[in-house]
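Each reported figure results from applying straightforward, stated rules to the coordinates on display, with no laboratory input. Note that the structure is predicted; figures quoted are calculated from it, not measured. Neighbour counts are summed over all protein chains in view; Cβ atoms, including those assigned to glycine, are modelled from backbone coordinates with ideal geometry.
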Amino acid sequence: MSMFFLIISMVMALTLGVVGTVTLATGRVAVPWLRRGVGRPGVWGAGVMLLAAGIAAARVMSFEADMALMLGGLVLVGLSQVLGRPGARQTK
């Protein structure tokens, strides 16, 4: 069962890493159903890459360091959803 979870976590980390890298390189979120909700794709891509690093390093890093990576990624992903698009004016 442990090998199953290792394979699943590595596939998930690889997928998140690729999506984050593509987002940072192109400036556009590669996942179609998230495009409307993300205000700042660069911040989202960096957050997703931190999440991928946290998932990939979970077995070799201490719990505290791994959670710092994961929480940092979650904060960046959340900020990218909350912050508006650059150059977009908000009207009342």
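Sorting the Cα pairs of the chain by distance into bins of 5 Å, from 0 upward, gives 3, 15, 21, 22, 16, 11, 7, 3, 2, 1, 0 percent per bin. Other residues lying with their Cβ under 12 Å from the Cβ of Thr23 contribute a combined charge of +3, Lys and Arg counting +1, Asp and Glu -1.
Helix 2-26 and the long axis of the chain differ in direction by around 30°, with both axes built from C-alpha atoms.
Between helix 41-56 and the chain there is an angle of about 10 degrees, using the helix long axis and the longest principal axis of the Cα atoms. Taking the Cα centre of the chain as reference, the dipole from Cβ charges on Lys and Arg (+1) and Asp and Glu (-1) amounts to some 640 debye. In the stretch 1-54, the ratio of gyration radius to Kirkwood radius, Rg to Rh, stands at 1.07 when only Cα atoms are counted. The C-alpha atoms of the chain define a longest principal axis, and helix 63-82 lies at about 20 degrees to it.
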